[in-house]
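Mind having a look at this structure? Questions to follow.
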Amino acid sequence: MTLPTIHVGMLFSTSCWYRDPHGLPWVEYLHYGAQKIWYSVPSHAEGAFRTAMQDVMPMHTLRSHSHCPIWLPSDSAMVPIEELLKRNVPVSRAVQEPGSFVVIFQKCFASSICCGYAVSESVNFAPSDWLTTCMDAFMMMEFSREEAYFSIERFLCNVATDLKVDANVLSQVPIEELLKRNVPVSRAVQEPGSFVVIFQKCFASSICCGYAVSESVNFAPSDWLTTCMDAFMMMEFSREEAYFSIERFLCNVATDLKVDANVLSQVLSKLEALYSKEEELLTNLKMRGVTFVRSSQNVSKNHEGVDRKNVKRSDSSRPKDASNDEVEEPVCDVCSRRSYFSWVETKSDMNLCLKHGERFLKKHPKTKAADIKVIIRKSKEEIRSCINKAKSRIMELSQRKLSKP
Ligand SMILES: [Zn+2]
């Protein structure tokens, strides 16, 4: 939990009344030297202890007049034990011999006195149930202006990524906190040989209970088409890299003979919107004198760029001599958008979507037209023909429906 601390004491060296503000227990080992005498007050007697301390040393427990949860300043007050006993505070006493351990339970108050030169070492530790109260403890410390020994954020991150930590502890880290804040969390245990379906827009997390091999795939119900453009816009806005290009997806659906008329018409309206946006951006870029290149002339360079830039999801099984259409979409260096129809490449090896290519030119007006080029994979005519295919297919399907008896 914390780094061990070495304590070196002389005759009558004391550690004053103290309770760990993090709510942690600690263990102290007396390496060598003289005995150490410990006094402690159990957690349940806090009220009596607080009243007695207030009575004996009012100036030292000023915080107790306010509603500060941590009312006893650390290591600052030592009172004769008789004074506490007189005020009905239950105090216990232990004599620690060299070579022995003393464990101070969480929320106890403790103090100690050395009977001579002594070297000891202490460290805090946490039982796993401490996780259920740690956030409260840190909040109280903050409220009482008490400095923590460590950052709770760092601690939770370390635990969350520690391979030695069991699933029970791991799940305790966030779930307890979520439930406390009235977040409805459900839990499912997946057995080998079974499926788990995560509904759209759910938040999910999972923990393995041992070595496990699983396989996942996304799928789309047809109503996803009504919201897909918003989802891709939000990803672009949040600089979140998409797994696939929405343009490529819509083109594939538009030319798929298994797709019904309802889906086709939804795809069609989206493709038309994408087409007019594409046309507008290409016109703007053309006006700035940018070179246009067909991506087929550029496949080899493209392959390099794609392989380097998309290491995360690179598909090594894809043949190197793949056709123009097989080349993965470059990811915009600004918004992480995947561009399927066309994109911008700069001399400094940046890949940009058309929108950010145009912004780049606006920002760097001195860029030479030769230093930046638009790579076209799907020309405007090709996109148009894809749209027309979908249109005539819709006609065909509706005629077929009409001609049915
Ligand atoms: Zn972009």
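Every number here is computed from the coordinates shown, using simple stated rules; none is lab data. Note that the coordinates shown come from a computational prediction; the quantities given were computed from them, not determined experimentally. Here the Cβ is made from the backbone with ideal geometry for all residues, glycine too, and neighbour counts use every protein chain on show.
Where a ≥ b ≥ c are the square roots of the eigenvalues of the C-alpha gyration tensor, would you call the stretch 151-217 rounded, which needs a/c under 1.5, or, failing that, prolate if a/b is larger than b/c, or oblate?
The shape class here is oblate.
Could you work out the Kirkwood radius for the stretch 1-56, taking every pair of different alpha carbons, averaging 1/r and inverting it, reported in Å?
Hydrodynamic radius (Kirkwood, Cα only) of the stretch 1-56 equals 14.0 Å.
Under the definition of Cα pairs under 8 Å and six or more residues apart, what whole-number percent is the relative contact order of the chain?
Here the relative contact order equals 16 percent.
Are there trypsin sites (Lys or Arg not before Pro) in the stretch 191-265 that DSSP marks as loop and that have at most 10 other Cβ atoms within 10 Å, and which are they?
Passing sites in the stretch 191-265 are Lys201, Lys258.
Here is a further query. Highest first, please rank the peptides 127-135, 211-219 by the mean number of other Cβ atoms sitting within 10 Å of their residues.
127-135, 211-219
Checking the a/c ratio against 1.5 first, then a/b against b/c, what shape does the Cα gyration tensor give for the stretch 69-142?
Oblate shape, in that a/c is at least 1.5 and b/c is the bigger or equal ratio.
Can you check what the net charge comes to around Lys347, using other residues whose Cβ is under 11 Å from the Cβ of Lys347 (Lys, Arg +1; Asp, Glu -1)?
The answer is -1.
Follow-up. Hey, which lysines would be in cross-link range of Lys363, C-alpha to C-alpha under 23 Å, not counting anything within fewer than 8 residues on its own chain?
Result set, ordered by chain and number: Lys277, Lys286, Lys347, Lys355, Lys373.
Same structure again: What per residue convex hull volume, in Å³, comes out for the stretch 5-127 when only alpha-carbon positions are used?
Each residue corresponds to 98 Å³ of Cα convex hull volume.
Rounded if a/c is under 1.5, else prolate if a/b is larger than b/c, else oblate: which is the chain, with a ≥ b ≥ c the root eigenvalues of its Cα gyration tensor?
Prolate.
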